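So the structure is just underneath, and the comments pick up after that.
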Amino acid sequence: MLTKDENDLLCRVEGEAPMGQLMRRHWTPVCLIEEVPDPDGTPVQARVFGEDLVVFRDTHGQVGVMDEYCPHRRASLVFGRNEDGGLRCLYHGWKMDVHGQVLEMVSEPAASSLAQKVRHRAFAVQEWGGFVWAYMGPPDTQPEFVPPAWAPTADTRVTIAKVMLSCNWAQILEGAIDSAHSSSLHSSDMVPARVDTAGATATNWLRPSTDKAPRMQVERGTYGFRYAAIRRPITNAATTEYVRTTVFVAPATALIPPNNLYNVANINVPADDTHTAFYFIAWGHPDQTPDTAGWRKFLGQQVGVDVDAKYRPLRTRENHFWQDRGAMKAGNFTGITGFPNQDVAMWLTMGPIADRTHDRLGASDLAIVEFRKQMVDAVRAFQAGATAIGTGDTHIPPSVCSFQAIVPKTTDWRAFGAKYVWDASGPALEPSYSTPADTR
């Protein structure tokens, strides 16, 4: 468990909160590229680290990320006119370009030099891997943009589901790196099967193990850590082990064990202390990775069906997350459709910020303990003048990746020759697999 002060240090991101300042030293996703598709299109509101932002694509196709509120009288620019290379405030017609340069002040006399003296707050921007990224730290600390581990090249297909959740980022991240819960919470979607490796079908993810109590081992790195959840496989249990490794990339990314077709990742962007943009990502070869419509349907996170136009979930605590008790009696473990929605139900019921002073952790919580310790230590070191974890020389090496495999018991997972899934040759598994009767 953590003390209240440690929990606040871990979770709080607004204003001068140390964790928020540490996170600002990283390039941060602000919104999806699909939200600002067209030049001179509708501006989009975003909120990151407690700051209200406006995102727009100008006449020339450049994306701007700025303070939402006009520097003149603080009216919202989300309602402004996106035209002729800039965003114009409706109130008095001031117009700013993507760099925050004031282009026009139509309410001021022609001889006024005020426009040369005013600069609106704008951030450096990159577009990559389906996201609009911004650097929101001090300009003199801005690092070069480095593609994330889950979008290493421009030809990687990256497919993203987005959900805006009313809870703190850390409890979501802890869920993403917790391998033990998948054998219970997701047992009706991540189905034990007699397969040689974890596989994906149109309706399920298959795994070659019925073991619900994995052994945990961790390896710390400068970027975060990776850990192994080691389970008994369904076949050849006397000589082999089923290993699933998850990678935590500080400050808020998880590389999740892949299936046979594509890789999986999660990134959590704090909107503020009690709201988070949760992004669930499939990535890999274009021929093997789901498209956006298929991915969101599979997850139960379709816009207009499962989430509203602002990506807020329609399943809520008030409507019991659309839980089907009849399905539960028929054998479905949770009665909640879409395994990320099962996670969401757990995260939201913890409250806006989980009270970790009351936790009772066990052996299966090794990754949770490591995450809390490493990030509390990292933020304290940052307060003392150290470089933010995961930046510069502490950035994750390209060789570090998540994996899952059945390996001989004599194999050390730390030395296993893992590589990301990138294969256009293998067909998807058919749903005619064999499922052990005792796992139904």
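Could you give the length gained by full extension between residue 239 and residue 293, i.e. 0.36 nm per residue of separation minus their alpha carbon distance, to one decimal place?
15.3 nm
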query: Normalised by the residues of the stretch 192-281, what does the relative contact order come to in percent, with Cα pairs under 8 Å and at least six apart?
result: 20 percent
Solvent-accessible heavy-atom area per residue, rounded to whole Å², over the chain at 1.4 Å: 44 Å²
message: Explain nothing, just compute: Karplus ³J(HN,Hα) = 6.51 cos²θ - 1.76 cosθ + 1.60, θ = phi - 60°, for every residue of the stretch 193-202 in order, whole Hz, x for Gly and Pro.
response: 8, 7, 10, 7, 7, 4, x, 10, 10, 5
Net charge of neighbours whose Cβ lies under 11 Å from the Cβ of residue 198, counting Lys and Arg as +1 and Asp and Glu as -1: +1
statement: Ranked output for segments 98-108, 339-349 by mean other Cβ atoms within 10 Å, highest leading, reads 339-349, 98-108
message: Rounded to the nearest 10 Å², what accessible area does residue 232 have for a 1.4 Å probe in the complete protein model?
response: 140 Å²
Heavy-atom accessible area order for 223, 420, largest first, 1.4 Å probe: 420, 223
task: Mind giving me the FRET efficiency for residue 318 and residue 111? R0 is 41 Å, r the Cβ-Cβ distance, nearest 0.05 is fine.
output: 0.10
field: Dipole of the chain, positive end: most advanced residue of 224, 93, 180 [Cβ charges, Cα centre]
entry: 180
message: Rounded to the nearest percent, how much of the accessible area of the stretch 249-297 (1.4 Å probe, protein heavy atoms only) is carbon and sulfur?
response: 54 percent
task: Could you work out the local net charge near residue 227, counting Lys and Arg as +1, Asp and Glu as -1, over the other residues with Cβ closer than 9 Å to its Cβ?
output: -1
- line: With the dipole of the chain defined by +1 on each Lys or Arg Cβ and -1 on each Asp or Glu Cβ, the option from 385, 236, 301 whose Cα lies farthest towards the positive pole is 236
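Let me know the charge dipole size of the chain about its Cα centre in debye, to the nearest 20, where only the beta-carbon of Lys, Arg (+1) and Asp, Glu (-1) is charged.
In total the dipole reaches around 1000 debye.
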message: Students sometimes get this wrong: rank 79, 56 by accessible area, probe 1.4 Å, all chains present, largest first.
response: 79, 56
Residues whose placed amide H lies under 5 Å from that of residue 240, excluding near-sequence neighbours: 409
message: Charges at C-beta only: +1 for Lys and Arg, -1 for Asp and Glu. How large is the resulting dipole of the stretch 1-87 about its Cα centre, in Debye rounded to 20?
response: 200 debye
field: Segments 210-218, 80-88 sorted - mean Cβ within 10 Å per residue, highest first
entry: 80-88, 210-218
- line: Given 240-253, 264-277, the highest-first ranking by average Cβ count within 10 Å works out to 240-253, 264-277
task: Give me the percent of the accessible area of the stretch 1-58 that comes from carbon and sulfur atoms, probe 1.4 Å, all protein chains in place.
output: 46 percent
field: Disulfide-incompatible cysteines by the Cβ rule (no partner under 4.7 Å) in the chain
entry: 11, 31, 167, 401
Selected from 134, 170, 268, residue furthest toward positive end of dipole (the chain; charges at beta carbon): 170
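The values are calculated or read from the model by the stated rules, or taken from the named source; none is laboratory data. Not measured: the values here are computed from a predicted model. Quick reminder, even Gly has a Cβ in these numbers, built from the backbone with ideal geometry, and neighbours come from all protein chains shown. Heavy atoms of the whole protein, side chains included, go into the accessibility calculation; ligands, DNA and RNA do not. Shrake-Rupley method; radii C 1.70, N 1.55, O 1.52, S 1.80 Å.
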